[in-house]
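Participant: Below are the structure tokens for one structure; questions will follow.
The values are calculated or read from the model by the stated rules, or taken from the named source; none is laboratory data. What you see is a predicted model, and the numbers here were worked out from it, not measured in a lab. As a convention, Cβ positions derive from the backbone with ideal geometry for all residues, glycine included, and neighbour counts pool all protein chains shown. When the accessible area is computed, the model is the full protein with side chains, heavy atoms only, and any ligands, DNA or RNA have been set aside. Shrake-Rupley method; radii C 1.70, N 1.55, O 1.52, S 1.80 Å.
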Amino acid sequence: MVSPNPAENNGGTALPAAEARALNDVVIRLAGNSQDGIQTIGGFLARLAGRSDQDVMTYMTIPSTISGGPSIFQVRMGTGDILSSGDQADFLVAFYQHSYENHLSSLRPGGVLLYDADHVKPNPDDKRFTAVAAPITSGTVEAVGGSSKDKGKNLYVLGLIARVFNLDVAKLSGLIKERFGGKTEDIVRNAMLAFDAGYAWPADNLRDCFYRFNPPTRTSTRPQVTLDGNSAMTYGLIAAGVRYGSGYPITPWSSIMEMLRSELPKYGGLFVQAEDELGAVSYALGFSYSGHLAITGSSGPGLSLKMEALGWAVMSEMPLIVINVQRGGPSTGMPTNVEQSDLLQALYGSHGDAPRVVLAPRDVEDCFYIAIEAARIARAYSTPVIILTDQALSSRIEAFDEPDLAGLMVDPAPDLSARPADFKPYPLDRITRHAPPGSRVGSGVYPTVTGLEHDELGHPTGSPQLHTKMTAKRREKLKALAATLPAAEAFGDPEGDVLLVGWGSTFGPVREALNRIRNSGTKAAQLHLRHLNPLPPGLEDVFRRYRQIIVVEINDEGLYGYGQLATLLRARYANPAIRSLTKTDGLTYKVSEIVNGVTHLSARNGVPA
Amino acid sequence: MSAPEILPPALPATDRAPLTKKALTADHPTWCPGCGDFAVLHCYYRALEKLNYPHEKIVTMAGIGCSSRFPYFVNTHGGHYIHGRSLPFSAGVSLGRDDLHVFVFGGDGDGFSIGGNHLDHVARKNPRLTYVIMDNFVYGLTKKQTSPTSPIGFKTKTDPTGAFDQPINPMRKLVDSGATFIARSHATQVNHMTEMIMRAAQHDGFSVIEILSECVEFYPGAFDTSVPRKGGTFGLIQEKKNDGTPEDATRHDTTDEVAAYRLASEPWPGLFGVFLDKKRPTKNQLEANLIAKARERTKGASDLQLLQSTFAKLR
Ligand SMILES: Cc1ncc(C[n+]2csc(CCOP(=O)(O)OP(=O)(O)O)c2C)c(N)n1
Ligand code: SF4
Ligand SMILES: [Mg+2]
């Protein structure tokens, strides 16, 4: 072992507070290759933060190559509200020369570069950062010994980080043991050896760079849970009483289907891996028709395939949940990048007038709650509901208050009660409530669910009057839903120069950008839309109170200069103050990109910002 | 194996009246007069009368095509889905609700062309349902285009000089797909059709029947070679009776896939009857086993307790 001071590492003795600089939050970027277990360190840090009642947010890139390749994990932890994963890193760990070269630009001037002395030769003339060399590879090999080579480097680095940031070693060791506990004793022991060696490494040139987090400011009495967006969505579906589903693998949707495949049987349900996405949406609609509200999902290409069946769901008024984990498009596009370019497809993707509900979660916690809301709406309005999440949310880890499950769980039992003699599957004066097979109908006349235009009993019709009335029926129920939605509310100045409008995963960066814009003296507010179809009431009134309405989205400005939500809002509200801030680099918004974009647009439009 | 005698199953222990054709009849069919599909509908009524399932537990599904209009003419729960995809939909119904009797109807284009891949994959999963393909060797609803079973030389609007793409052999495709009950019948043979539908319905797994059903509008006379009245032969498969007689050695073993494949390769018009009748665990059963095992491990915890324990691990 390289430990110069073994006594200190055992109990995780904290450094005297006087030596450590107080911190509110820190951004740590880990850059290496995917096989180095970088996600594992990030995951540990995120969960530690969650357990310590700190806020946390992570950001990772997974290489789209089959195995290996450069990979990063960025974790931001702190004691206030953490809204984005951070524009610039305070601390960069570089495992390789390429990690150093590609990611140094993400480090803020004055930040700390910690690099593996065995692999990286930094530029000695670069004085912008505090460069700290650590024998990450050889230190790990020496500590663990045996045949494991440099496996365990990630835990060595975790030890180093624990030391530098004065992290709770007892809690971290607990997490390591929980994580590897199911495996052989050797694995836990090796992990702890590597961790201790990293913790004990005498980072002397770091002496004046030790940090300590300010005490947490959280007031909630509920414990924090730490998980990624796809997991939150999965558990939300389960809480919502969804027990059946079907899908086909595609990144970054797959982890939802994989979790459902192993979780649902415990709850008496099942998930079918179908032959393709057309099959998957069809299995799901079969489940829904049989009385069990079902879920299907995919990303870009798979959503395109589901569109015909989605139109059937609209026409037959079949409840269904469809999750789209958006990625860069079109076509196979950028499978491991983020984009919000499927909004118009979600609203209008099938042929014909096919109105359906579209929702978008704003952060990881919201993935859980929006799944519950989607299920409630699908059942109450007998309609397909699309949830537009995205690649960034799918893998981002956040800590949030544990949900009050007892108050949220929904009973999944199908309603097979006998229907009265006047039962109609498609009544013109009411919202459809299907009678699943197995339920008796008093009249002895059984309903046919259909994708042909139909009369109230489900018989096909070519009647112009009926097509007009039935089209209205399918539209009006979404208007009825709109009337029940909470009115749109802006956060920030009640009136002023700029209203930032966003949807989906950009919520955090937009909020941070808003804070900066307001701090610089501009009167501004944020309006974040979770309900994209139908839109909530009251938007007109909010829009009227700001000189500029800037819609921030990760998609293209299109032929006419407006992103997809901006296009929709301009069409709906015909308000010329609606402008558009878009980008198409496949990455989440940096706060500075939004602030600069707003400044630029404001200057162009002669509005102070 | 001998063909099981067709006995009406025991009446369910209820006071309900037996299911009648009258109760099962819905809209008057919109098919062209003389269309083979009328006879299939008639046999479906007859089979359901004999099977006498509780009325509300019967589901009649279809895709899109002339033949797929079926559900409108049957008074049961049911649905008219989209072109080619009715099998995964119906498999979802069966897996979601093991208490139901699910029947699916469709044409050759619906089943073998646009739905061909679904057919293969649903068949190998072996859900409990019965699929009837009304094969008329042509696209009827869209008015005479080439179908995947149209024979070479058949003139259609998309092959005005005669079809030249190799047609599929439905029976061989079905044997290869892993379907566990496969039969072939003819719309002019009412008793045979009824018997096939009943045996398929009583099969525990994925059962499929190809019924040659003439489109009098766009392919009249397509199946005359197997209509005795018109000088053809309706050749029946002789199923093994296991009676120890020397003749039995040459009869067809319906559990033998290779033999079924060989029968399926007989020259046109081929043979009729049961090609395959095998036991293999159904997906319904295998999924139920998975649930039972998972439940055993969770030791009767409620849904709420299960999810709470998951969240406790995320703290
Ligand atoms: C996606 C899609 N493509 C094409 C059609 C048009 N279409 C309807 S039925 C049909 C073919 C019908 O042929 P078949 O399945 O053999 O049924 P038949 O009418 O002969 O009984 C086609 C191409 C459609 N409804 N949907
Ligand atoms: S077109 Fe052919 S298949 Fe369709 S109803 Fe007429 S005869 Fe039957
Ligand atoms: Mg046909």
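Participant: Residues of the stretch B:47-61 being facing another protein chain (nearest Cβ under 10 Å) and over 28 Å from residue B:142 (Cβ atoms), which ones?
Facilitator: Selection gives B:54, B:55, B:56, B:57, B:58.
Participant: Same structure again: Output the number of residues of the stretch A:563-609 satisfying the condition of being in a loop (DSSP other than H, G, I, E, B) and touching a Pro at 6+ places or on another chain (Cβ under 9 Å).
Facilitator: 3
Participant: In the stretch B:212-250, what count of residues is obtained for those that are within 26 Å of residue B:281 (Cα to Cα) and either over 24 Å from the mean Cα position of the chain (by Cα) or within 16 Å of ligand 2 (Cβ to nearest atom) (or both)?
Facilitator: The total comes to 2.
Participant: In the stretch A:289-324, what residues are among the polar types (S, T, N, Q), over 26 Å from the mean Cα position of the chain (by Cα) and in a helix (DSSP H, G or I)?
Facilitator: A:316
Participant: Please go through the stretch B:80-107 and pick out each residue that is of a type in the set (Gly, Ala, Ser) and within 15 Å of ligand 1 (Cβ to nearest atom).
Facilitator: Passing the criteria: B:84, B:86, B:106, B:107.
Participant: Within the set of pairs 6+ apart or on separate chains, which have a first residue in the stretch B:60-84 that is over 17 Å from residue B:20 (Cα atoms), a second that is of a type in the set (Lys, Arg) and more than 13 Å from ligand 3 (Cβ to nearest atom), and C-beta atoms under 8 Å apart?
Facilitator: Short answer, once both residue conditions are applied: B:63/B:85.
Participant: All but one of (1) among the β-branched types (Val, Ile, Thr); (2) open to solvent by 20 Å² or more (accessible area, probe 1.4 Å); (3) within 13 Å of ligand 1 (Cβ to nearest atom) hold for residue B:152, so report the exception by its number.
Facilitator: So the condition that residue B:152 fails would be (3).
Participant: If you check residue A:258 against the conditions, is it within 13 Å of another protein chain (Cβ to nearest Cβ) and of a type outside the set (A, V, I, L, M, F, W, C)? Spell out the reasoning first.
Facilitator: On the way: within 13 Å of another protein chain (Cβ to nearest Cβ): no; of a type outside the set (A, V, I, L, M, F, W, C): yes.
Answer is no for this residue.
Participant: Another question, if that's okay. When only residues in the stretch A:404-424 that are within 21 Å of residue A:294 (Cβ to Cβ) and at the interface with chain B (Cβ under 10 Å from one of its Cβ atoms) count, which is farthest from the chain's Cα centre (by Cα)?
Facilitator: Within the stretch A:404-424, the match that is farthest from the chain's Cα centre (by Cα) is A:416.
Participant: For residues that are part of a helix (DSSP H, G or I) and either aromatic (Phe, Trp, Tyr) or closer than 20 Å to residue A:229 by Cβ (or both), scanning just the stretch A:379-402, find the one that is farthest from the chain's Cα centre (by Cα). Steps first, answer last, please.
Facilitator: Quick first cut of the stretch A:379-402, residues part of a helix (DSSP H, G or I) only: A:379-381, A:391-395.
Filter once more, keeping what is either aromatic (Phe, Trp, Tyr) or closer than 20 Å to residue A:229 by Cβ (or both): A:381, A:391-395.
On the way: A:381: 26, A:391: 7, A:392: 5, A:393: 2, A:394: 4, A:395: 7 Å.
If we take residues in the stretch A:379-402 being part of a helix (DSSP H, G or I) and either aromatic (Phe, Trp, Tyr) or closer than 20 Å to residue A:229 by Cβ (or both), then A:381 is farthest from the chain's Cα centre (by Cα).
Participant: Please enumerate the residues belonging to the stretch B:123-166 that are more than 14 Å from every other protein chain (Cβ to nearest Cβ), part of a loop (DSSP other than H, G, I, E, B), within 16 Å of ligand 2 (Cβ to nearest atom) and under 30 Å from residue B:192 (Cα atoms).
Facilitator: Those that are more than 14 Å from every other protein chain (Cβ to nearest Cβ), part of a loop (DSSP other than H, G, I, E, B), within 16 Å of ligand 2 (Cβ to nearest atom) and under 30 Å from residue B:192 (Cα atoms): B:136, B:137, B:140, B:142, B:143, B:144, B:147, B:148, B:149, B:150, B:154.
Participant: For the stretch A:404-420, which residues satisfy the criterion of being outside any helix (DSSP H, G or I), under 30 Å from residue A:223 (Cβ atoms), out of contact with any Asp or Glu (no Cβ under 7 Å at 6 or more places or on another chain) and open to solvent by less than 70 Å² (accessible area, probe 1.4 Å)?
Facilitator: Correct list: A:410, A:412.
Participant: Go through the residues of the stretch B:210-233 one by one and say whether even a single one is touching a residue at least 40 places away in the same chain (Cβ under 8 Å), within 17 Å of residue B:44 (Cβ to Cβ), within 16 Å of ligand 3 (Cβ to nearest atom) and of a type in the set (Val, Ile, Thr).
Facilitator: yes
Participant: Within the stretch B:121-143, can one find any residue that is among the small types (Gly, Ala, Ser), within 12 Å of ligand 3 (Cβ to nearest atom) and touching a residue at least 60 places away in the same chain (Cβ under 8 Å)?
Facilitator: For the stretch B:121-143, residues among the small types (Gly, Ala, Ser), within 12 Å of ligand 3 (Cβ to nearest atom) and touching a residue at least 60 places away in the same chain (Cβ under 8 Å): present.
Participant: Still on this structure, please answer the following. Return the residues of the stretch A:236-259 that are crowded, with 24+ Cβ neighbours inside 10 Å and assigned to a helix (DSSP H, G or I); say none if nothing qualifies.
Facilitator: Of everything in the stretch A:236-259, those that are crowded, with 24+ Cβ neighbours inside 10 Å and assigned to a helix (DSSP H, G or I) turn out to be A:236, A:237, A:238, A:256, A:257.
Participant: Restricting attention to the stretch B:101-111, and to residues there that are more than 12 Å from residue B:209 (Cα to Cα) and buried (at least 24 other Cβ atoms within 10 Å of the Cβ), which single residue is farthest from ligand 2 (Cβ to nearest atom)?
Facilitator: B:102
Participant: Select from the stretch B:67-100 the residues that are open to solvent by 10 Å² or more (accessible area, probe 1.4 Å), over 20 Å from residue B:46 (Cβ atoms) and within 16 Å of ligand 2 (Cβ to nearest atom) and list them in ascending order.
Facilitator: Hit for the stretch B:67-100 is B:83, nothing else.
Participant: Kindly provide the set of residues from the stretch A:424-451 that are open to solvent by 30 Å² or more (accessible area, probe 1.4 Å) and in contact (Cβ under 8 Å) with a residue 12 or more places away in the chain, ordered by number.
Facilitator: Matches in the stretch A:424-451: A:424, A:428, A:431, A:433, A:434, A:440, A:442, A:443, A:445, A:451.
Participant: Among the numbered criteria (1) within 9 Å of chain A (Cβ to nearest Cβ); (2) within 14 Å of the chain's Cα centre (by Cα); (3) open to solvent by 10 Å² or more (accessible area, probe 1.4 Å), which one does residue B:64 miss?
Facilitator: Checking residue B:64 against (1) within 9 Å of chain A (Cβ to nearest Cβ); (2) within 14 Å of the chain's Cα centre (by Cα); (3) open to solvent by 10 Å² or more (accessible area, probe 1.4 Å), the one that fails is (2).
Residue-wise test of (1) of a type in the set (A, V, I, L, M); (2) in contact (Cβ under 8 Å) with a residue 60 or more places away in the chain; (3) open to solvent by 10 Å² or more (accessible area, probe 1.4 Å); (4) outside the structural domain of residue A:106 (by TED's automatic domain parsing).
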| site | (1), (2), (3), (4) |
| --- | --- |
| A:561 | no, no, yes, yes |
| A:573 | no, no, yes, yes |
| A:580 | no, no, yes, yes |
| A:586 | no, yes, no, yes |
| A:591 | yes, yes, no, yes |
| A:599 | no, no, yes, yes |
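Participant: Sticking with this one: All but one of (1) away from ligand 3 (no atom under 16 Å from the Cβ); (2) assigned to a helix (DSSP H, G or I); (3) open to solvent by less than 50 Å² (accessible area, probe 1.4 Å) hold for residue B:182; state the number of the condition that does not hold.
Facilitator: (2)
Participant: Is there a residue in the stretch B:189-206 that is within 16 Å of ligand 3 (Cβ to nearest atom) and away from every other protein chain (no Cβ under 14 Å)?
Facilitator: Narrowing the stretch B:189-206 to residues within 16 Å of ligand 3 (Cβ to nearest atom): none.
Taking every residue of the stretch B:189-206 in turn, none turns out to be within 16 Å of ligand 3 (Cβ to nearest atom) and away from every other protein chain (no Cβ under 14 Å).
Participant: Identify all residues within the stretch A:481-507 that are under 21 Å from residue A:390 (Cβ atoms) and surrounded by fewer than 24 Cβ atoms within 10 Å (Cβ to Cβ); write none if there are none.
Facilitator: A:507
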